[in-house]
1. Mind listing which GluC sites (Glu not before Pro) in region 1-60 are in a DSSP loop and have 13 or fewer other Cβ atoms within 10 Å?
2. Can you give the helix-only mean residue ellipticity at 222 nm for the chain, where every DSSP H stretch with n ≥ 4 adds -39500 (n - 2.57) and the sum goes over all residues, rounded to the nearest 500 deg cm²/dmol?
3. Rounded to the nearest angstrom and ordered from largest down, what semi-axes does the equivalent ellipsoid of the chain get from its C-alpha gyration tensor (root of 5λ)?
4. So which lysines can K99 reach, going by Cα to Cα under 26 Å and dropping same-chain residues fewer than 8 places off?
5. If you stretched the chain out fully between Q28 and K75, how much longer would it get, using 0.36 nm times the residue separation minus the C-alpha to C-alpha distance?
6. Filter the GluC sites (Glu not before Pro) in region 70-105 to those in DSSP coil with at most 12 other Cβ atoms within 10 Å of their Cβ, and list the result.
Amino acid sequence: MDTNEQLYVDLMMDRMPEDLETKYLISQGYLTENMQHTEKAIQFINSFLDEKKEIVCQAFKELGPDARKSEVMKKAGIVQMGVLVDVANRLVKEGRLKKENGKVYVLD
């Protein structure tokens, strides 16, 4: 998993205040002391997901609606299923993908 995907996953996890990773994210300006995302974190999250949209859409297009999610992840260079789900949900909201009966269809 690349460092950006790892940071995204770290930011999406529920954390305990005493965790070393929580303290690191706070020190780097991604979380507040109350463990809320900062503007820096929100910008990173949006940028990361936007950066993955084209490759995920292309992977779904090439592999088709019957493809296993693991195949789509491999083609898109994504390790964590949650990342694929979050990118796909963003593409659904934008009207570029459609989810139906457990399958994903490319609309554009």
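We did not get these values from a lab; they are worked out from the coordinates using the rules stated. Everything numeric here is computed off the predicted structure, so don't read it as measured data. So basically every Cβ, Gly included, is an ideal-geometry build from the backbone, and we count neighbours across all protein chains shown.
1. Details: sites: E5, E18, E21, E33, E39, E51, E54; in loops: E18, E33.
For GluC sites (Glu not before Pro) across region 1-60 that sit outside H, G, I, E and B with at most 13 neighbouring Cβ atoms in 10 Å, the list reads E18, E33.
2. Working: 5 runs with 64 residues, N = 108.
Helix contribution divided over all residues of the chain: -18500 deg cm²/dmol.
3. Values: eigenvalues 178, 35, 25 Å².
In descending order, the three semi-axes are 30, 13, 11 Å.
4. Excluding near neighbours in sequence, the set is K52, K53, K61, K69, K74, K75.
5. Working: separation 47, 0.36 × 47 = 16.92 nm, distance 3.13 nm.
Separation in residues times 0.36 nm, less the Cα-Cα distance, equals 13.8 nm.
6. Numbers: sites: E71, E94, E100; in loops: E94.
When the GluC sites (Glu not before Pro) of region 70-105 are filtered for loop state and at most 12 Cβ neighbours within 10 Å, E94 remain.
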